[in-house]
1. Hey, any hits in the range 407-418 for a residue that's assigned to a helix (DSSP H, G or I) and over 22 Å from the mean Cα position of the chain (by Cα)?
2. With the condition kept exactly as written, say whether any residue in the range 608-616 is under 30 Å from P487 (Cα atoms), of a type in the set (F, W, Y) and modelled with pLDDT of 95 or more.
3. Which numbered condition trips up L84, out of (1) of a type in the set (A, V, I, L, M, F, W, C); (2) part of a helix (DSSP H, G or I); (3) within 22 Å of H229 (Cα to Cα)?
4. Could you give every pair whose Cβ atoms fall below 6 Å, whose first residue belongs to the range 273-297 and is within 10 Å of G325 (Cβ to Cβ), and whose second residue is surrounded by fewer than 24 Cβ atoms within 10 Å (Cβ to Cβ) and among the aromatic types (F, W, Y), counting only separations of at least 6 or pairs across chains?
5. Looking at this structure, is I583 buried (at least 17 other Cβ atoms within 10 Å of the Cβ) and in a helix (DSSP H, G or I)?
6. Hey, any hits in the range 228-251 for a residue that's in a helix (DSSP H, G or I), of a type in the set (A, V, I, L, M, F, W, C) and surrounded by 17 or more Cβ atoms within 10 Å (Cβ to Cβ)?
7. Determine whether R176 is charged (D, E, K, R), out of contact with any Lys or Arg (no Cβ under 7 Å at 6 or more places or on another chain) and either farther than 22 Å from Q222 by Cα or within 16 Å of the ligand (Cβ to nearest atom) (or both).
8. Consider V85 carefully, then state whether it is under 25 Å from E342 (Cα atoms) and either away from the ligand (no atom under 16 Å from the Cβ) or not assigned by TED's automatic domain parsing to the domain that holds L223 (or both).
Amino acid sequence: MQRLHFGAAWYPEHWPPQRWAEDIRLMKEAHFTVVRLAEFAWSSLEPSEGDFRFDWLEQAIAQLAEAGIWVVLGTPTAAPPAWLVTQYPETLAVDEQGRRVQFGNRCHYCVNAPEMHRAARRIARAMAERFGSHPRVIGWQVDNEYNRVCYCDHCHAQFQAFLQQEYGTLDELNARWTTAYWSQTYSDWKQIPLPIGPHNPGLMLAFRRFVTRSYRNFQRAQLEELRPHLPSSVWVTHNFMNWFGGFDHYELSYDLDLASWDWYVATGHHDHLTSGAAHDLVRGYKRKNFWLIETQPGHVNWSQTNNALNKMEARAMAWHAVAHGADALLYWQWRSALNGQEQYHGTLIDQSGQPRPFYEEAQLIGAEFARVSDLVIGSTVQARTAILNCYESRWAIEFQRHNSAFDYVAYLEHWYRPLSVRNLEIDLLSADEALDGYQLVIAPALIVLDEQRIEHLRAFVQRGGRLVLTLRTGMKDRHNAMLPSRPPGALAELAGVEVEEYYSLQHPIPVGGKLFQGTASLWAERLRLLGQPFTTVMARYGASNGWLDDQPAVVVNPYGSGFVYTVGAWLDERSQDTLVRQILLNTSLKPFETPPAVEVRVRVRPDGRRLYFVINHSRQEQTVTLPWDATDHLTGQSFAPGALTLYPYAVALLTRQEDVSVVG
Ligand code: GAL
């Protein structure tokens, strides 16, 4: 069912069925179109091995159907029940200290345990047989927020088998990992340990790949059971945790139809530049629209302070998600359970069964989603700017930060923010993607290079793209070994520079040129020009450790029909902003100037009509300048060009009147 969906996670198994009608009535009044069910309900669905009790779920779906509400079903495998882990203790994961994880929370399973796979397949198959072709079930979610790493003997043996498959021979593995270092040479696959604590960088990176492969296999097992029973219109997703770094999200998304994620602000208030990056990240998993399948109704229960979002802040957040490509928003969760670990979490309905104050805001959002669903659905974000994200590079850096404050994600956001604040649509893409259609590509800390990445970047610049290379680029191969060249490896030809030395900085140092005078902190690379005729130094280091004094820090080099910028230092925010502005001037990308707290994002409909989402993310009134006549589809109001006042947390969904006459 294609529409802009709105709903929540509902756990009817927590309540007597006599209550359900009232819940569904309240959902209807909040304009729910979808409800997510069953993702932790294993013990209610299969109270003992092979004994399936699906009638209650059937009944709940039937009642929702009667109210016209659609359903997403979760496979309940993130909560293996007590009987399962007692009968098959090896389904429980083992932690780094070799202890079996205790039963009583969730995600306590070993992702590779054969009995866990058998049990997961059994419940997924049974659910799919019963509900796969149910006309009200529009999608499925496999498991819930994959996260745990298991260190049991079985996983250990599986890891060794994985390495054998990847490397073929021990000679190859020993060479790639330079195991002669500290006498690590392996003469039998069985000697290879699991990395607990710091280890050989090659082994550590391979282990992250193994964890990715483990979850992929676990997910595939369930997909194999689900898919034969699902009509082609029914999708399967998994709810990811945005920047969680435990596995490669691109690889896991590959087998799914739809990407979705869980957005929690936790303590404090949302920062639209940070969350915008997270939405764009998830949109990049499959390069299409996504679902915001969980978000907080007011407050959570697991953070430092658990403060509530301000009144109308969640509405701004909802439209912000849609503006970045979400086609659905579901709150977690509908009603507070009387007991269980999450008693204090925000919900729409409290423990007494009555709507909380937040319910009113949800009602408003639901009504707005319903009003504009036809207008919005089918529209997509069309970005000409991309930032590359690479799990291997991130892991390689996280294993050896060199400067403990060096954070890969923070650095990526350091590039995202000055672009986003100018209201440019940005794709956050896997570093393995081809780069056709973009004007500007930024590759933050792309430390791991391979032939394909180099080729994509080269082709992009050759065709006229503007490429930004940064510090910590092109130093490693896919085995986390140093390349036998100076950074940025094979990209030096494009960049017109190589890195002579890298310096971890204890204190900020001066850096500047005509464009800006600022500071570099954490990291600075001394760039050496390779003697290409048009390489230009844009900024140099000032007096610092002697080695860096007066050396190039930021350089631009023409290549093919394009330009390559190399930024060797972590610049202060102002200088970074100025540099980004300058780089943009060298493109035809048109920033939309707004006050920093106001966001304007565009989704484009299949008929070419542009939808402008204008959101005031602050508690202060803001003003933007409207360049054209517009209609706000949330209120029906029309606006002439000129100043548009936005009250605190205001949202407008504008189309240009001129567009209407063009496309009808
Ligand atoms: C999510 C989880 C939900 C719920 C929520 C609370 O991480 O998927 O089941 O626990 O957190 O904020």
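1. no
2. Within the range 608-616, none of the residues are under 30 Å from P487 (Cα atoms), of a type in the set (F, W, Y) and modelled with pLDDT of 95 or more.
3. The number of the failed condition is (3).
4. L292/W263
5. yes
6. No, there is no match, as no residue in the range 228-251 is in a helix (DSSP H, G or I), of a type in the set (A, V, I, L, M, F, W, C) and surrounded by 17 or more Cβ atoms within 10 Å (Cβ to Cβ).
7. Judged against the criteria, R176 is a match.
8. Judged against the criteria, V85 is a match.
The values are calculated or read from the model by the stated rules, or taken from the named source; none is laboratory data. Quick caveat, the model's predicted, so the values are computed rather than measured. Quick reminder, even Gly has a Cβ in these numbers, built from the backbone with ideal geometry, and neighbours come from all protein chains shown.
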